[in-house]
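Working notes, structure below.
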Amino acid sequence: MPESPSGTRTGHETQVVRTTVNGVEREAEVATRLTLADFLRHELRLTGTHVGCEHGVCGACTVHVDGAAVRSCLMLAVQANGRRVDTVEGLAGPDGELAPIQEAFSKHHALQCGFCTSGFLMSVAEALKEGPIETEQAAREVLGGNICRCTGYAGMVDAVLEASQTSYPTAKGEHA
Amino acid sequence: MTAEAIAEAPVRPVEATPGKQPMIGAPVRRREDRRLITGQGRYLDDLELPGAYEAAFVRTPHASARIRSIDTTAAARLPGVIGIWTGADLPELVKPIPPKVSNPLLRDMPRYPLPPERVHFVGEPVAVVVAESRYVAEDAVELIEVDYEVLPAVSSTTAALAPDAPRVHDELDDNVAIHVTQVAGEPEEALRTAPHRLSERFVIARGGGHSMECRGVAARYDVGTGQLTVWPSTQSPHYTRNMLAYFYGMDEDDVRVVVPRDSGGGFGPKAQFHGEDAVIPYVAMLLRHPVKWIEDRSENFVATMMERNQVHHVEVGFDDDGKLIVVKNVFEHDQGAYCAGLQVPMITLSTLPGQYRIPNIHTELIGCYTNMVPTSSVRGAGRPQAVVAMERMMDRIAEHLGLDPAEVRLRNMIRADEFPYKVGLTFRDGSPLTYDSGDFPSLTKAVLARFDYDGERERQALARSAGRLVGIGLGAYVEGCGLGPYEGARLRLTNDGTVLVTLAATPLGQGYETIYAQIASDAMGLDMEHIAVATGDTSRIPFGQGSFASRTTVTAGSATLQAGRELREKIFEVAAVLLGAPAEELCFQGDRVCAGGDPGRSVSLRDIVQVSNIGKHGITMPRGVPAGIEVTSYFSPERASYASGIHAATVEVDPDTGQIKILRYVIGHDCGNVINPLLVDGQVLGGFAHGIGNALYEESFYDDAGQPQSASYLDYSLPSAIEVPKVELVHQFTPSPLNPLGVKGAGEGGTIPVPATIANAVEDALRPFGARITSLPITPAKVFAAMTATNHR
């Protein structure tokens, strides 16, 4: 826990937040105006969640709240009170084993600078929980809520299709 | 994505060590990935600077204004505010930031980090607040009252050149920053006598780099050592260091610039020096306390340099066969409020002739000051605009003569046996513009074959007869890359027996930790696992230029190759003494140097370093063993190497909505030898997506008063996975003779011809209407207007 409540650093009223982040219970007194992204990054030092636009378009800050993908730049930390938050740091298994989508991203060179990558991984991970992604068009739609400036998305499309096949071996897929 | 090699496989520039798998040319997966996919990357805003203050800037909301007064009283009283400085409070910083590339003809106007009196574009900083947090700093910004005398502004080159235009700079009598003309042959005479002439005016909109990580800078001054450490999100750490030493009057060794290991993209703007870069370290020194400023996206939209905006007036003269006799292009370049550098328009000037043999050329730049954020390089850097001018006219020539546009191109292309080819113009360094190598016709034919050009034309005809608006476009380009002056590599055997490759150039996602280890591995004949790569710290290597202009593989790659070969010799020199074997008999086996292939006669890198680098205090070294195994090498190319390519697209226009759908897209690309094909494909495909943005979506729109109208991603559309279509790649490998690796640049080629290619395809689709597409990006509204215009032709 941060020793000095962030409220004193942000000059604002504070509130206590209790949340489970990547399976660990966290409690902190935070400014009510502190965004969830800033809370994760600067209070909990989980810096894998990135802030790209602060207006909910680029998706770099995507995390899961109670299993649903959300833009942590558009949510306040206090809104996470009593809820479960999962970030990119929790995507790999406790033994460091990569999730299928992480492995596929590397294999298909679906990342370059890596800044947008966490958000893409979290968006795709949520979509994969809902079911297989079987076509290129479906993969593009899953990816379409986030922005990457480096890769041109081709590797990501391949990665999503492959990760879907890994997660749902019996599903049909375009990926060979 | 399909990759296909149409020419012979890339030549291996380095002789492979017997028994060792060559690494150059191998699609090695990146070392960087593991940390980036697990959230363990370390970007600027992830730095551990406990207790650091955070800064925010007050920025002018007016495009042209005089500052009458600034009242900071209320802001200064806000709890948590540490300090507030206006430009007038920091006279030490009232020094102009010199243009990155200049020219004796430039009428340079001073660009100050924090201008004290006069502002020239919306977003220009006028004061800085340092507070305990960014939240408080932004509260304080809101409380600062600035009284401006608002002045008239200009926000386009057309407005800037109008006879009674308001002047951007009071000191000048008009808004022309620079006017340069280059001529080859007798263009005026050729235009007079050419059998056919066509002309057109093309407008290319402003667009930005839009790295997903914005800019930023953090700094800490160490009173004990007198050293200032600065962490900027720059593409050019040594340039930043030199600029800060100039601003603060400090020795360069006392300014240490460290770029965090991970950078969230560059694309050009981060290779420039912005005012904030000088202000933040300075206030950190004043406060004797770390200060950090992370640009937010709203600031990025108004204060980070952009590019692209040009207006081209192009005229071509040609014969009955469609052979070019002359091209004349006069273009207005939007320099923005100040000249941050002339690299972009100078590149446009010399990129115009492209792949074609043109005996008479007139290329003329009118650089204009406008009241908008200054322009500088963005991926492509002046080339996409020149390619629009040239390649659009190639299609017009074909249309005029009733010829096929592919055939017109092939008739004009420089042949493979004409290299080195002198274009007749002057490169920006003053040398004759010379293409080193390439084979434009063979790559074109390979792309047409892959595209099934004839079949695609047949399908187009069928679609047309069914009432569909389907069009085909081509776009060829050259890219001068691998620019000087130099880049360096320092290779050292470290105390744990690892070879450390240190580069001055800093990565922005290209995978330097991987590819420079590949190059060093082949240079040394040593497995990659014993090689590490470090980047972006001016204290580790004294000189450097940076990562921009598709230049680093050529320069730093060649430097790494040279240094690796020398380091191998040094290591073998020591091993020869220790093993009592001649150096010619030595080779690497794992982390050991082995004599005559006999593992029994070998010595480990760790043991070698013990003798050569660590030694024993006061004990004489063995005779013949050099002290310190380290090599620093710099590579200076004699001139630019030329990458080239051609794109082919089929599009369909929806006549009801004006929406454009890309049905097929083939990219043919030749960047010489390839170090890592996986990563080169990534560069090409990523560049392509940027080109799609420029062709169809991205525009940094300013209204007549100079107010930015597209200052969020709701108004400025970046392409997502939905908009960027699937691409088929065709590779050709024509090695450059100008560097030992035979490589050329790969970072920008994917972007360069996309706007021209798509525009050609859309105009082709609209040919039944005789519609003209002359303005980029091609929005549905423009398509609709072009279709409904009555006075074409």
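Structural remarks
- Between B:Glu48 and B:Arg35, the contour length at 0.36 nm per residue exceeds the Cα-Cα span by 3.0 nm.
- Of B:Asp764, B:Asp598, the order by accessible heavy-atom surface (1.4 Å probe, DNA, RNA and ligands excluded), from most exposed downward, is B:Asp598, B:Asp764.
- The stretch B:760-779-the stretch B:84-158 distance, computed between alpha-carbon centres (Å): 41 Å
- Entry note, chain A: the mean residue ellipticity at 222 nm calculated from DSSP H runs of n ≥ 4, each adding -39500 (n - 2.57), is -8000 deg cm²/dmol after division by the residues and rounding to the nearest 500.
- Along the stretch B:362-368 the Karplus relation, 6.51 cos²θ - 1.76 cosθ + 1.60 evaluated at θ = phi - 60°, assigns HN-Hα couplings of 10, 10, 9, 10, 10, x, 10 Hz to successive residues, with x for each Gly and Pro.
- Projected label points at B:Ala785 and B:Asp598, each 7 Å from Cα along the beta carbon direction, are separated by 8.3 nanometres.
- At the residue level, B:Leu503 shows approximately 0 square angstrom of accessible surface with a 1.4 angstrom probe and all protein chains present.
- Two-site label geometry, A:Glu97 and B:Thr657: point separation in nm, points 7 Å out along Cα→Cβ: 4.4 nm
- Links that overshoot a 21 Å alpha carbon limit, given the list B:Lys328/B:Lys661; B:Lys270/B:Lys292; B:Lys100/B:Lys328; B:Lys270/B:Lys782: B:Lys328/B:Lys661; B:Lys100/B:Lys328; B:Lys270/B:Lys782
- Surrounding net charge for B:Glu585, when Lys and Arg each add one and Asp and Glu each subtract one, Cβ distance under 11 Å: -1
- MRE, 222 nm, helices only [DSSP H, n ≥ 4, -39500 (n - 2.57), over chain B, to nearest 500]: -8000 deg cm²/dmol
- Accessible surface, per residue, of chain B when the full set of protein chains is kept, probe 1.4 Å, Å²: 34 Å²
- Using heavy atoms of the protein chains and a probe of 1.4 Å, the accessible area assigned to B:Arg134 is about 40 Å².
- Cβ-based charge dipole, the protein assembly as shown, positive-most Cα from B:Pro61, B:Ile24, B:Ile541: B:Ile24
- Cα centroid separation, the stretch B:723-754 to the stretch B:552-574 (Å): 25 Å
- Kirkwood Rh (inverse of mean 1/r, distinct Cα pairs), the protein assembly as shown, angstrom: 29.3 Å
- In sequence order, calculated HN-Hα J values of the stretch B:492-506 (Karplus, 6.51, -1.76, 1.60; Hz; x Gly/Pro): 9, 8, 7, 5, 9, x, 8, 8, 9, 9, 10, 10, 7, 5, 10
- Among B:Asp591, A:Asp95, the sequence by solvent-accessible area, most first, with a 1.4 Å probe is A:Asp95, B:Asp591.
- Cβ-based charge dipole, the stretch B:350-454, positive-most Cα from B:Leu425, B:Leu448, B:Thr370: B:Thr370
- The spacing between the stretch B:255-305 and the stretch B:313-359, judged by their C-alpha centroids, is 34 Å.
- Computed from point charges on the beta carbon alone (+1 for Lys and Arg, -1 for Asp and Glu), the dipole magnitude for the stretch B:14-139 about its Cα centre is near 540 Debye.
- Given their separation in residues at 0.36 nm each and the Cα-Cα distance between them, B:Ile614 and B:His196 gain 143.0 nm when the chain is fully extended.
- Cross-link pairs beyond the 23 Å C-alpha cut-off, checked among B:Lys570/B:Lys744; B:Lys20/B:Lys744; B:Lys20/B:Lys570: B:Lys570/B:Lys744; B:Lys20/B:Lys744
- Here's the list of lysines a cross-link from A:Lys172 could span, going by alpha-carbon distance under 18 Å and ignoring same-chain residues fewer than 8 apart: A:Lys129.
- Backbone geometry of the stretch A:68-83 corresponds, through the Karplus equation with coefficients 6.51, -1.76 and 1.60 at θ = phi - 60°, to 3J(HN,Hα) couplings of 9, 6, 9, 8, 6, 7, 9, 10, 8, 4, 5, 6, 8, 4, x, 10 Hz, x marking Gly and Pro.
- For the pair B and A, the buried accessible area comes to roughly 4500 Å² in total, with a 1.4 Å probe and the value rounded to the nearest 100.
- Amide hydrogen neighbours beyond the local backbone of B:Arg42, cut-off 5 Å, H modeled: B:Asp262
- Taking amide H atoms as placed 1.01 Å from N in the peptide plane, the amide H of B:Glu487 lies under 5 Å from those of B:Phe635, each 5 or more residues away in sequence or on another chain.
- Here the calculated FRET efficiency for B:Val183 and B:Asp429, from their Cβ-Cβ distance with R0 = 25 Å, stands at 0.85, rounded to the nearest 0.05.
- Scanning residues 5 or more positions from B:Val533 or on other chains, those with amide H under 5 Å from its amide H are B:Val501, with H placed 1.01 Å from N in the peptide plane.
- Solvent-accessible area, 1.4 Å probe, carbon plus sulfur percent, for chain B: 50 percent
- Cβ crowding within 10 Å averaged over residues, with B:72-85, A:148-161 ranked highest first: A:148-161, B:72-85
- Take each residue in A:98-111, count the other chain C-beta atoms within 10 Å of its C-beta, and the mean is 4.
- Solvent-accessible area, 1.4 Å probe, carbon plus sulfur percent, for the stretch A:6-90: 43 percent
- Surface share of carbon and sulfur [accessible, 1.4 angstrom probe, percent] for the stretch A:100-167: 47 percent
- The residue list A:Leu36, B:Ser644, B:Gly580 was ranked by how far each Cα lies along the charge dipole of the protein assembly as shown toward its positive end, using unit charges on Cβ atoms, and B:Gly580 comes out on top.
- Against chain A, whose longest principal axis comes from its Cα atoms, helix A:117-130 is set at around 70 degrees.
- Max-minus-min Cα coordinates of chain B on each principal axis give 91, 71, 47 Å, with the largest extent listed first.
- For q = 0.13, 0.26 Å⁻¹, Debye-computed log10 I/I(0) when each Cα of the stretch A:100-167 counts as one equal scatterer: -0.27, -1.20
- Net charge over other residues, Cβ less than 12 angstrom from the Cβ of B:Pro637 (K, R count +1; D, E count -1): -1
- Take chain B and mark each of the GluC sites (Glu not before Pro) that is in a DSSP loop with at most 16 other Cβ atoms within 10 Å; the longest unmarked stretch, sites excluded, is B:172-637.
- Each of B:Glu529 and B:Ser298 was given a label point 7 Å from its Cα along the Cα-to-Cβ line. The distance between the two points is 5.2 nm.
- B:Ser437 exposes around 10 Å² of accessible area when a 1.4 Å probe is run over every protein chain in place.
- Magnitude of the charge dipole for chain B, about its Cα centre and with charges confined to Cβ atoms of Lys, Arg (+1) and Asp, Glu (-1), is about 1140 debye.
- Screening chain B for whole DSSP H helices of 15 Å or more along their axis (Cα) with average Kyte-Doolittle hydropathy at least -0.5 returns B:275-287, B:383-401, B:440-451, B:512-524, B:552-579, B:677-692, B:754-765.
The values are calculated or read from the model by the stated rules, or taken from the named source; none is laboratory data. Not measured: the values here are computed from a predicted model. Cβ coordinates were reconstructed from backbone atoms using ideal geometry, including for glycine residues, and neighbour counts include every protein chain displayed. Surface areas here come from the heavy atoms of the whole protein model, side chains and all, with no ligands, DNA or RNA. Shrake-Rupley method; radii C 1.70, N 1.55, O 1.52, S 1.80 Å.
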